[in-house]
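Student: Here it is, the structure in full.
The values are calculated or read from the model by the stated rules, or taken from the named source; none is laboratory data. Predicted model only: the values in this text are computed from it and were never measured. Cβ sites come from the backbone with ideal geometry, for glycine too, and all protein chains shown count toward neighbours. Ligands, DNA and RNA are excluded from the accessible area calculation, which covers all protein heavy atoms including side chains. Shrake-Rupley method; radii C 1.70, N 1.55, O 1.52, S 1.80 Å.
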Amino acid sequence: MKIGAKLRRLRDYKRFSSREVAALINIGQNTYLSWEHDATYPSFKHFVPLAEALGLCPISLMAFLFEQISLEELLMITETVPDLKEAVIFYKNHKDR
């Protein structure tokens, strides 16, 4: 599954419109939709606000988008790993298994 489809899946799961997500990260709706359609991708400066808008840790979002974890794992991690420092520790321990 491509990155855009994964973003759409997350947005649908969170029950946000594309307009709502775009407003939360202070970009235009067309810019956000270009990400979902794989025409462009979020820049680094937009990645953290995107993760926060979706209620996710940036590292967890990246792991999901690059197929290191499933949506189910992402949601489980989001519930149990509240911040970036703990996410780094979690992924380090997970990688070592």
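Student: Taking the options S43, S18, name whichever one is within 15 Å of the chain's Cα centre (by Cα) and exposed (fewer than 12 other Cβ atoms within 10 Å of the Cβ). Show your work before the answer.
Tutor: Values: S18 fails: exposed (fewer than 12 other Cβ atoms within 10 Å of the Cβ).
Selected residue: S43, the only one of S43, S18 that is within 15 Å of the chain's Cα centre (by Cα) and exposed (fewer than 12 other Cβ atoms within 10 Å of the Cβ).
Student: When you check V21 against the structure, is it assigned to a helix (DSSP H, G or I) and at pLDDT below 95, yes or no? Quick ask: steps written out before the conclusion?
Tutor: Details: assigned to a helix (DSSP H, G or I): yes; at pLDDT below 95: no.
So V21 does not fit the description; no.
Student: Can you tell me how many residues within the range 69-86 are part of a loop (DSSP other than H, G, I, E, B) and modelled with pLDDT of 70 or more?
Tutor: 2
Student: Pairs please, first residue from the range 39-59 and among the β-branched types (V, I, T), second anywhere and at pLDDT 90 or above and open to solvent by 50 Å² or more (accessible area, probe 1.4 Å), Cβ atoms under 8 Å, 6+ apart in sequence or on different chains.
Tutor: T40/T31
Student: Every residue in the range 1-18 that is over 23 Å from Q68 (Cα atoms) and in a loop (DSSP other than H, G, I, E, B), please.
Tutor: Scanning the range 1-18 gives R15, F16, S17.
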